[in-house]
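Structure record follows, encoded as structure tokens.
The values are calculated or read from the model by the stated rules, or taken from the named source; none is laboratory data. In this text, all values refer to a predicted model and were calculated from it rather than measured experimentally. In this analysis, Cβ positions are derived from the backbone assuming ideal geometry, glycine residues included, and neighbour counts consider all displayed protein chains. We work out accessible area using only protein heavy atoms, side chains counted, and drop any ligands, DNA or RNA first. Shrake-Rupley method; radii C 1.70, N 1.55, O 1.52, S 1.80 Å.
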Amino acid sequence: MDDWLFSFNKINGLTDVKIYFGHGKRKDSLELFKNKSVLLVCSQRMENLLRNDAKFKDFFKQSRFIEIFYVNNYPELSKIEKGLKEIKQIDFDSILAIGGGSVIDTAKIIKAFFNNERKSIRNLIGKKNIINKSKKFLELIAIPSTAGTGSEVTPYATLWDFEENKKYSIS
């Protein structure tokens, strides 16, 4: 089975998206994280699968994963805000999202939060083309584990506010 790997980088002030496709690309992606501190965004189940996968086992031992941000079903505003409070002061170079659309959307929301001087997610809702106001640009690498959402190839992240019964998009 072939793997997909999506890398979002900043080149000359613009976001550059690279798509890698083929056998073993997940394993190859581990090379992109050498000498970097990484925030892993995934489900608890995915973390368990990764920690038991021979390809990733040694990588977890050798890498500098500083934190794991767990995602359950939907990227929910209150849960993401709570999680961001916990990781707000952590310094990391890259975000690795492994999972479905909810995981990848959550990673994009985290990236937007950190690239905008760690201000409230609520302040980012409704704004288009969020500008990087931070001195540091976080790299995001997304490895989709499901087919169909397309989150890995869009600039949008869907965010749910169940308290207000609303659905938002962040671009």
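A few remarks follow.
- The set of residues in the range 142-171 that are open to solvent by 90 Å² or more (accessible area, probe 1.4 Å) and either acidic (D, E) or not in a strand (DSSP E or B) (or both) comprises A147, Y156, F162, E163, E164, N165.
- Sole residue being at pLDDT below 85 and β-branched (V, I, T), chosen from T158, T149, T106: T149
- Flag if I95 is open to solvent by less than 10 Å² (accessible area, probe 1.4 Å) and either at pLDDT below 80 or farther than 12 Å from L39 by Cβ (or both): no
- Number of the condition not met by D3 [criteria: (1) within 23 Å of P155 (Cβ to Cβ); (2) open to solvent by 50 Å² or more (accessible area, probe 1.4 Å); (3) at pLDDT below 75]: (2)
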